[in-house]
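Notes follow once the structure below has been shown.
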Amino acid sequence: MKTETLDRLRSKIVQIDAMPAIPVILRPLLRCLDQPVEDVDMNRIVELVSYDKSIAAQCIRMANSALFMRSSPADTVRGAVMSLGMWRVRDLLFSNSLSHVIPADRWVVDPVIFWKHSLGVALVCRKFAEMIDYPDPEKAYLAGLLHDIGMLVNCMVVPEEFRATLEKAAREQIPLDEAELATLGFTHCDTGRILAEAWKMPADIADAIELHHQIGDPDRGGPLVALVHLSDLLCRMRDLGYGYYEPRQIDFPNEPGWLYLSMKFPAMSGIDLARFTFALDEYAREVGDLVATVFAG
Amino acid sequence: MANESTLIHDEAATPESLADPAWIRIRDLIYQVSGIYQAENKFYLLVGRATRRMKVVGARTPREYLDCLTSRPNRDAEMRNLLNEITIGETCLFRSMPQIEALRRVIIPAVAEAKKKLSFTKLRFWSAGCSTGEESYTLAMLLMEETQGALKGWTFDVVATDLNDRSVAKAQEGVYNDYAVRNVPPEFMRKYFQKVGTEYRVTDDVKSHITFSRLNMLDDSKMLFMRGLDVIFCCNVLIYFDGKSKARTVQHFFNALLPNGYFFLGHSESLYGISEKFHLVHFPGATAYWKPAEGAAKAGTR
């Protein structure tokens with residue numbers, strides 16, 4: 001998108017004071033993510049969880065769900081955090097804090113579909129990053145989780161037009177960004193970029209948010225853009241998409257993002273795509289549990 | 001290869017039994033041998049069905065059963081028995097809706113468009129290892145719908161082959177019970193079946209598009225004659241072949257397909273390690289192996 005158009009969009013968003021606020025616990029969480037998982041201070045995580053009563057309750061409820069098969073119920077936040085493990089707690093914290101980014105009555109997209117897709121892409125991004133020895137799988141997770149955050153800006157800024165756009169995309173079974181360009185003249189990638197800058201997100205995450213549908217020149221965005229782009233497509237092909245059928249064929253090994261990662265990461269050649277695809281169905285269950293937990297609270 | 005379409009009562013798999021790490025190794029072994037992958041959300045199926053085999057061979061733990069599959073003298077036979085258990089009941093009409101949608105929404109329109117440019121107006125599908133005919137009839141019904149709609153004026157035929165004479169004879173009858181037709185959409189039931197007693201008989205119109213015959217896929221001289229196909233289905237058959245036979249058969253399928261043709265396996269089956277010429281392509285909820293046309297554009301998607 002042209003800089004001047006982006007500037008105009010930005011000033012419009014600021015003018016009507018529609019920019020979603022960054023969730024309070026997001027910054028400390030991001031700091032936790034900056035370190036290797038073994039160095040994360042469990043006490044700090046327990047503290048963050050305890051900070052918000054509804055999140056604490058969700059952790060305890062999830063730890064006691066059938067998925068974790070505990071012999072005795074977890075009744076403290078610490079017990080729940082231990083039982084869920086660092087990753088799941090962080091997944092829960094992120095999705096919870098982000099689900100309150102805009103007021104409940106302002107959602108134009110179906111929040112369950114939105115979070116299932118976002119969490120699905122986050123988990124696939126992390127797994128993909130680990131498989132190819134990308135140095136920062138947690139950053140890949142975060143980029144995946146936030147890649148569609150611009151849709152929330154759209155809900156705030158142009159709710160009616162965005163609703164019509166979603167309907168058009170589902171009716172014509174075309175990619176959402178294509179429908180956005182036709183009806184709005186900008187996409188959730190553009191508004192996502194503006195939000196990412198306002199939230200002072202790392203530059204490569206902002207790039208991944210902006211470029212995940214437009215990976216024309218992979219060098220511009222680097223590996224993170226390619227990871228998010230491919231994970232987004234994989235999720236849309238495995239029942240973690242936008243909630244409508246997209247009649248299309250994707251030849252992953254000949255996608256520009258795949259070819260780009262293949263040049264940068266030797267481990268790409270060892271990926272068994274068929275097996276990776278089948279294993280994605282395992283995420284659907286994990287994502288379903290997580291989203292159910294967040295929305296039950 | 002014939003799978004009876006009966007209601008399967010799986011052994012109940014408890015959370016504790018699912019947690020045994022030996023299951024992961026059994027799952028991975030099945031994948032290496034057959035290309036069939038059981039995702040963790042379907043683990044209870046694998047465990048339930050393998051538990052039945054464990055009782056037969058007297059293995060007390062998954063670890064012991066893993067030994068039966070890896071180090072006992074009759075390990076190959078036991079793997080075959082296990083694969084039989086895993087794929088049993090997988091045959092019914094309209095088995096995999098994501099595959100059917102991919103055919104209807106993406107593949108048939110794309111193949112037809114490419115053929116039309118060459119002034120061809122005929123489609124040819126092959127159900128390889130057709131068992132008792134469920135897949136063959138599903139394909140024929142789909143193609144009948146298409147040639148009455150978007151592809152008016154087109155013709156098609158379905159070639160259906162199986163190694164087993166009795167399966168071929170049963171397929172030719174085209175008579176199915178409630179369970180085999182449970183996924184058939186109501187409008188297809190009305191148009192393409194006649195109720196005979198408690199069973200359902202496929203109409204002669206559908207049958208007229210299908211040629212059933214016996215074929216051994218390991219017989220090179222016969223396989224060489226299979227040519228000019230747009231789509232091939234071969235579900236849960238190659239899993240029983242050793243690596244060499246599998247590679248040879250897949251090569252025959254590749255040669256039999258026209259450029260731009262598609263090769264489908266069972267919904268959780270893959271060509272582990274033998275798909276260099278084919279491109280594994282994705283559709284919503286389904287994958288297939290694609291034979292690209294020479295010089296096909298490698299366009300990116302968004």
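Every number in this text was worked out from the coordinates using simple rules, so none of it is lab data. Quick caveat, the model's predicted, so the values are computed rather than measured. In this analysis, Cβ positions are derived from the backbone assuming ideal geometry, glycine residues included, and neighbour counts consider all displayed protein chains.
Quick notes on this one:
- Three semi-axes of the equivalent ellipsoid, the stretch A:120-186, Cα gyration tensor, whole Å, largest first: 30, 13, 8
- Shielding by partners, peptide A:273-281 (average Cβ within 10 angstrom, other chains): 6
- Within 10 Å of each Cβ in B:134-141, the average number of Cβ atoms from other chains: 0
- Relative exposure of A:Asp39, A:Asp217, judged by other C-beta atoms within 10 Å (fewest first): A:Asp39, A:Asp217
- Taking chain A and dividing mean pair separation by its residue count, relative contact order in percent (alpha carbons under 8 Å, at least six apart): 20 percent
- With contributions of -39500 (n - 2.57) from each DSSP H run of at least four residues, the per-residue ellipticity at 222 nm computed over chain A stands at -20500 deg cm²/dmol.
- Take each peptide in A:260-266, A:76-82, count the other Cβ atoms within 10 Å of every residue, and average; sorted highest first, the result is A:76-82, A:260-266.
- Coil-residue chymotrypsin sites (Phe, Trp or Tyr not before Pro) of the stretch B:206-302, DSSP, other Cβ within 10 Å capped at 12: B:Phe225
- Given in Å, the Rg to one decimal and the Dmax to the nearest whole number for the Cα atoms of chain B are 20.0, 63.
- In plain terms, the bigger the Kirkwood radius, the slower the diffusion; for the stretch B:15-87, with that radius from Cα pairs, at 10 °C and 1.306 mPa s, Stokes-Einstein puts D at 132 µm²/s.
- All-pairs alpha carbon distance profile, chain A, 10 Å steps from 0, percent: 6, 28, 36, 23, 7, 0
- Relative to one another, the C-alpha centroids of the stretch B:18-59 and the stretch A:96-151 are positioned 32 Å apart.
- Of all DSSP bridge pairs formed entirely within the protein assembly as shown, close to 45 percent run antiparallel.
- On a per residue basis, the convex hull of the C-alpha atoms belonging to the protein assembly as shown measures out at 179 Å³.
- Shown here: the stretch B:177-302, whose C-alpha atoms stretch 51, 43, 25 Å along the first, second and third principal axes, sorted largest to smallest.
- Fewest-first ordering of B:Lys291, A:Lys116, B:Lys195 by other beta carbons within 10 Å of each residue's beta carbon gives B:Lys195, B:Lys291, A:Lys116.
- Take each residue of peptide A:284-293, count the partner chain Cβ atoms within 10 Å of its Cβ, and average: the result is 1.
- Taking other C-beta atoms within 10 angstrom as a stand-in for reagent exposure, A:Leu259, A:Leu195 fall in the order A:Leu259, A:Leu195, fewest first.
- DSSP bridge pairs, the stretch B:97-290: antiparallel proportion in percent, nearest 5: 40 percent
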